[in-house]
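Participant: Following this message is one structure expressed as structure tokens.
The values are calculated or read from the model by the stated rules, or taken from the named source; none is laboratory data. Every value quoted in this text rests on a predicted model; they were computed, and no experiment measured them. Note: ideal-geometry Cβ built from the backbone for every residue, glycine included; neighbour counts use all protein chains shown.
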Amino acid sequence: MLRSAGYDIVFREVPDETTLAVNIAACPFRCPGCHSPYLQEDAGEPLDEAAVEAMVKKYGGGITCFAFMGGDADPAEVGRLARFVKARWPTLKVAWYSGRETFDDAEVLAAIDYLKLGPYRRELGGLDSPATNQRFWRLLKDGTREDLTPRFWRNARVGGTRGVFRED
């Protein structure tokens, strides 16, 4: 069973979407420099259909995407809940942020619209770094993937200085 360690409305994690991002506990990867080490613990509230329903109802039509931020300990459950979201709210997009290097389970992939792959590597940075090992994909109906990673590089921080941004 997946566990939610909180959720929020976010605007940068999925380009062009207003996203309800659900933080999933029990991350198995333990990436050095992880920005959310509390997600390594197996804690939080059970994430099931009732919990998803309550979260989506809270925000109504104000969201366009539901994102699983983690869930690598049980990808099949991510897929099952993603199918629930798509069946219950057909116009809602679904995203999955995974720390896996690769993922090719066709059944899970068929239920999601966006997929972030790659563990965090401090020396390469996150999605907002042009040097990142992570990739953010839009999954297309024909089974191909469109790499949206460069969309995250706009307004990337210059030299790691907080508040100073590069302009394109």
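Participant: Which condition does R121 not pass, out of (1) part of a helix (DSSP H, G or I); (2) touching a Gly at 6+ places or on another chain (Cβ under 9 Å); (3) not hydrophobic (A, V, I, L, M, F, W, C), if it passes all the others?
Facilitator: Among (1) part of a helix (DSSP H, G or I); (2) touching a Gly at 6+ places or on another chain (Cβ under 9 Å); (3) not hydrophobic (A, V, I, L, M, F, W, C), R121 violates only (1).
Participant: Another question, if that's okay. All but one of (1) farther than 20 Å from L2 by Cα; (2) free of Cβ contacts under 8 Å to residues at least 60 places away in the same chain hold for A54; which doesn't?
Facilitator: That leaves (1) as the condition not met.
Participant: Among the residues of region 29-45, are any of a type in the set (F, W, Y), within 18 Å of L109 (Cα to Cα) and touching a residue at least 12 places away in the same chain (Cβ under 8 Å)?
Facilitator: First, pick out the residues of region 29-45 that are of a type in the set (F, W, Y): 29, 38.
Next, from what is left, pick out any that are within 18 Å of L109 (Cα to Cα): none.
Within region 29-45, not a single residue is of a type in the set (F, W, Y), within 18 Å of L109 (Cα to Cα) and touching a residue at least 12 places away in the same chain (Cβ under 8 Å).
Participant: So, one more: From A43, A67, grab the single residue that is more than 17 Å from A95 (Cα to Cα) and either in a helix (DSSP H, G or I) or not basic (K, R) (or both). Working first, answer last.
Facilitator: Details: A67 fails: more than 17 Å from A95 (Cα to Cα).
Going through A43, A67 in turn, the sole match is A43.
Participant: Quick test of your reading of the structure: V94 fulfils all but one of (1) in a strand (DSSP E or B); (2) on the phi > 0 side of the Ramachandran plot; (3) of a type outside the set (K, R). Name the failing condition by number.
Facilitator: Of the numbered conditions (1) in a strand (DSSP E or B); (2) on the phi > 0 side of the Ramachandran plot; (3) of a type outside the set (K, R), the odd one out for V94 is (2).
Participant: Kindly indicate whether V22 is at pLDDT 95 or above, crowded, with 19+ Cβ neighbours inside 10 Å, of a type in the set (A, V, I, L, M) and not in a helix (DSSP H, G or I).
Facilitator: Numbers: at pLDDT 95 or above: yes; crowded, with 19+ Cβ neighbours inside 10 Å: yes; of a type in the set (A, V, I, L, M): yes; not in a helix (DSSP H, G or I): yes.
Answer is yes for this residue.
Participant: Hey, another quick one. State the number of residues belonging to region 120-141 that are in contact with an Asp or Glu (Cβ under 7 Å, 6 or more places away or on another chain) and of a type outside the set (D, E, K, R). Give the steps one after another, and end with the answer.
Facilitator: In the first step, residues of region 120-141 are kept if they are in contact with an Asp or Glu (Cβ under 7 Å, 6 or more places away or on another chain); the result is 135, 137-140.
Narrowing further to those that are of a type outside the set (D, E, K, R): 137, 139-140.
Here the count works out to 3.
Participant: Please state which of the following conditions G70 fails to meet, knowing it meets all the rest: (1) farther than 21 Å from R138 by Cα; (2) small (G, A, S); (3) buried (at least 17 other Cβ atoms within 10 Å of the Cβ).
Facilitator: Answer for G70: the failing condition is (1).
Participant: What are the residue pairs meeting all of these: first residue in region 1-16, first residue among the β-branched types (V, I, T), second residue in a loop (DSSP other than H, G, I, E, B), Cβ atoms under 7 Å, and 6 or more apart or on different chains?
Facilitator: Sorted first by the residue in region 1-16, then by its partner, the pairs are I9/T18; I9/I63.
Participant: Any residue that is under 27 Å from Y38 (Cβ atoms), without any contact (Cβ under 8 Å) to a residue 12 or more places away in the chain and either surrounded by fewer than 17 Cβ atoms within 10 Å (Cβ to Cβ) or in contact with a strand residue (DSSP E or B) (Cβ under 7 Å, 6 or more places away or on another chain) (or both) - is there at least one of those in region 85-108?
Facilitator: No, the conditions are met nowhere in region 85-108.
Participant: Does region 75-109 hold any residues that are among the polar types (S, T, N, Q) and within 16 Å of the chain's Cα centre (by Cα), and which are they? Before the answer, list the steps.
Facilitator: In the first step, residues of region 75-109 are kept if they are among the polar types (S, T, N, Q); the result is 91, 98, 102.
Hits for region 75-109 are S98, T102.
Participant: Do the conditions hold for G79, that is, is it at positive phi, touching a residue at least 24 places away in the same chain (Cβ under 8 Å) and either surrounded by 12 or more Cβ atoms within 10 Å (Cβ to Cβ) or not in a helix (DSSP H, G or I) (or both)? Outline the logic, then answer.
Facilitator: Numbers: at positive phi: no; touching a residue at least 24 places away in the same chain (Cβ under 8 Å): yes; either surrounded by 12 or more Cβ atoms within 10 Å (Cβ to Cβ) or not in a helix (DSSP H, G or I) (or both): yes.
For G79, the condition - at positive phi, touching a residue at least 24 places away in the same chain (Cβ under 8 Å) and either surrounded by 12 or more Cβ atoms within 10 Å (Cβ to Cβ) or not in a helix (DSSP H, G or I) (or both) - is not met.
Participant: Would you pick out the residues in region 82-91 that are closer than 18 Å to E17 by Cβ and not in a loop (DSSP other than H, G, I, E, B)? Talk me through it step by step, then tell me what you get.
Facilitator: Taking region 82-91 first, the residues closer than 18 Å to E17 by Cβ are 82, 85-86, 88-91.
Hits for region 82-91 are A82, V85, K86, R88.
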